[in-house]
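See below for the structure under consideration.
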Amino acid sequence: MRKDSLEEKKKNECIERNKRSIALLKEILAIPSVNGMNNEGTVAEFIATYLKGKKVDAFVQKIDETHANIIAKLEGKSSETVVWNGHLDTVPYGNVEEWSTDPSIPVEKNGRIYARGASDMKSGLAAMVFLLGEIGESGQKPEQTILFLGTCDEEKSGLGAEKILEEIDLSSGSLLLIGEPTGCKLGVAQKGCIWTKLNISGKTSHGAYPEEGYNAVEYGMKMVYRIKEWVTTYTHRVLGTATAQVTMIRGGIAPNMTPDFAEILLDIRTVPGISAEEVEKEIGKICREEVAKTNGEVKVEVQIKNARRAIEIAEEEKWLQKFKAYLKKNGAGTEETGINYFTDASILTKKESEIPVLLFGPGEPQLAHKPNEFVELEMYEKYIEILGEIFSITYQK
């Protein structure tokens, strides 16, 4: 066959493959999976059916009537296992009047697809599923065994990731690749998240005589300021400074009465180098010291409502180096980035296993949870190509 004819054939194959990958993305985006509203298991069932049709071993792991995971596995040439993960759910649409299109229906225009979940993170999810299907249908074997985990309830409690840990040991994996939106930048770190609730009890008095009471709101805020001051002493080269802020507060009886009770919720975002246990211990210490200043007149109860640990991949990890080498070789940037919000990585690695985590996806993080969310199709197609090449999967350009 002539060289120009061969090139033309490859070009046409690439065009057809891109059409199929975009069609799959649209199908997945068209399945509503708003957390707390829709049945996320519907997406799991669709993906399982798709992969089985491509000769990939896949099954649905049912949790309850509205939650299910999809688990698939492709045996590789070696016993080394890499884990790919994407979540099935999305956040609500928000005010639909702020959208230029219907957020429940994927719309393609100007090289983009608009829909809820387009960036966070059904584009990363669909790309992984598409590539698995391509491998399965070809009959080829990847270099490593690929374990794909499509998890539900990531946007809230992480029910899907928790269920995975009950039945699957991930500790022997050589990589956990999370397809969260990073704009195809290397996500080398992720902030942890700790929600802390302080229940402060004081002593009421007439508003005209505050010195006769113990203002629960004010004492609670003294604790908050000290906690925030301590948390923000921790920084990270990619993630920046750890943060703490009040996100909910309730207290007070009447305009002319000293509050005898306050309930304060803190959102704390940690960086690698500070554990959830250390944060809880320091909060307890600060609260005890403030209580001691009142001779026991003020009391506080500390409740940890959520504890997601911070994640970081070591610079020397082979997979990070492999991604960097590929991107550099192909003239792409090797910029490292971090994610300030939590992902299923903080659950899937909470047993302190040694599996390294890399966050890498085609979506853009600044578009997540916002109106007019979209994914650039060029980035989506590029992402599929990168994964195919890095994991030594047959992928003709």
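Over its Cα atoms, what ratio of radius of gyration to 2.2 N^0.38 Å does region 1-135 give?
Computed over Cα atoms of region 1-135, the ratio equals 1.21.
Identify the trypsin sites (Lys or Arg not before Pro) of region 237-335 meeting these criteria: DSSP loop state and at most 15 other C-beta atoms within 10 Å of the C-beta.
Here the trypsin sites (Lys or Arg not before Pro) that fit, given the DSSP loop and packing criteria, are Arg237, Lys293.
Under a 10 Å cutoff between Cα atoms, tell me which one of Ala368, Ala126, Ala292 has the largest fluctuation in the Gaussian network model of the chain.
It is Ala292.
What's the long-distance tail for the chain, i.e. % of Cα pairs beyond 34 Å?
37
Just need the relative contact order of region 202-352 here, percent rounded to a whole number, with Cα pairs under 8 Å and 6+ apart.
23
Each label point is 7 Å from the Cα along the Cα-to-Cβ direction; what then is the distance between the points at Glu229 and Lys10, in nm?
6.4
Quick one: helix 216-231 against the long Cα principal axis of the chain, what's the angle to the nearest 10°, folded into 0 to 90?
On a 0 to 90 degree scale, this one is about 40.
Please compute, for the alpha-carbon atoms of region 244-358, the extent along each of the three principal axes and give them in descending order in Å.
69, 28, 22 Å, listed from the longest principal axis down.
Leaving out ligands, DNA and RNA, what percent of the accessible area of the chain is carbon and sulfur, probe 1.4 Å?
Looking at the chain in its full context, I get 49 percent from C and S.
Straight-line reach only, C-alpha to C-alpha below 20 angstrom: list the lysines that Lys197 could link to, leaving out same-chain residues fewer than 8 apart.
Those lysines meeting the cut-off are Lys156, Lys222, Lys228, Lys281, Lys285, Lys299, Lys305.
How would you classify region 110-200 from its alpha-carbon gyration tensor, with a ≥ b ≥ c the square roots of the eigenvalues: rounded for a/c under 1.5, else prolate if a/b is greater than b/c, otherwise oblate?
Since a/c reaches 1.5 but b/c is at least a/b, the shape of region 110-200 is classed as oblate.
Please identify, among Asn295, Asn18, Asn35, the residue showing maximal mean-square fluctuation in a Gaussian network model of the chain using a 10 angstrom Cα cutoff.
Asn295
Tell me, what does the Kirkwood hydrodynamic radius of region 290-397 come to in angstroms if you use every pair of distinct C-alpha atoms?
So the Kirkwood estimate lands at 17.7 Å.
For the chain, what is the accessible area per residue in Å² when the probe is 1.4 Å?
About 46 Å² of surface per residue is accessible.
What residue among Val56, Tyr93, Thr66 has its Cα farthest toward the positive end of the dipole of region 47-196, where the charges are +1 on Lys, Arg and -1 on Asp, Glu, each on the Cβ?
Checking the options against the dipole of region 47-196, the answer is Val56.
The values are calculated or read from the model by the stated rules, or taken from the named source; none is laboratory data. Keep in mind that what you see is a predicted model, and the values were worked out from it rather than measured. When we count neighbours, we look across all protein chains shown, and the Cβ atoms used for this are built from the backbone with ideal geometry, even at glycine. Note: areas computed on protein heavy atoms with side chains; ligands, DNA, RNA excluded. Shrake-Rupley method; radii C 1.70, N 1.55, O 1.52, S 1.80 Å.
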